[in-house]
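So the structure is just underneath, and the comments pick up after that.
The values are calculated or read from the model by the stated rules, or taken from the named source; none is laboratory data. Quantities reported herein were computed from a predicted structural model and do not represent experimental measurements. Glycine gets a Cβ as well: all are built from the backbone with ideal geometry, and neighbour counts include every protein chain shown.
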């Protein structure tokens, strides 16, 4: 009986095994990279959400000391945090453009109130986020004011909150938050 050579079959099996392990390794690397990007985007969105809430708090605090909201609504009185004229475009570090004129139109009858980098609102924070706070009257109630605060960041990160406030005597600062909601 003649002997046959099986050396070629072993080589094919080894090559298929190496190919399978390489594919598994590549899938693991891609999954890890994707998870890292997802976690980074989640962190950036969460930071933007907190920044928008901080800006709304800032605006409420400043407005509590303002006796005449009409001056705010007609643009003669602005926040202490503004980074130039209340018109035009601002460019973030990644090239993202923010149109302040379009930002003011996010609320019907809205006016820019405060706008600038987050570090202008919270000096100890280093962040690429840009904050835009817009104020507008509530059409059905002249004693109410709506504040919309947006935090805009690189790579399309954007979070916003809207707050409705009214004056109430007997409260610290004289303001009462009627509603507070995130904006999608």
- Message: Need the failing condition index for residue 178 against (1) more than 22 Å from the chain's Cα centre (by Cα); (2) closer than 22 Å to residue 74 by Cβ; (3) at pLDDT 85 or above, just the number.
- Response: (2)
- Would you be able to say whether some residue in region 92-112 is touching a residue at least 24 places away in the same chain (Cβ under 8 Å), within 13 Å of residue 63 (Cα to Cα) and surrounded by 19 or more Cβ atoms within 10 Å (Cβ to Cβ)? no
- Query: Can you tell me which residues in region 51-65 are free of Cβ contacts under 8 Å to residues at least 12 places away in the same chain and surrounded by fewer than 14 Cβ atoms within 10 Å (Cβ to Cβ)?
  - Reply: none
- State whether one or more residues within region 33-45 are closer than 25 Å to residue 164 by Cα and at pLDDT 85 or above. yes
- Task: Go through region 29-79 and count every residue that is in a loop (DSSP other than H, G, I, E, B) and under 21 Å from the mean Cα position of the chain (by Cα).
- Result: 1
- Single residue of 40, 75, 25 found to be exposed (fewer than 14 other Cβ atoms within 10 Å of the Cβ), without any contact (Cβ under 8 Å) to a residue 60 or more places away in the chain and touching a strand residue (DSSP E or B) at 6+ places or on another chain (Cβ under 7 Å): 75
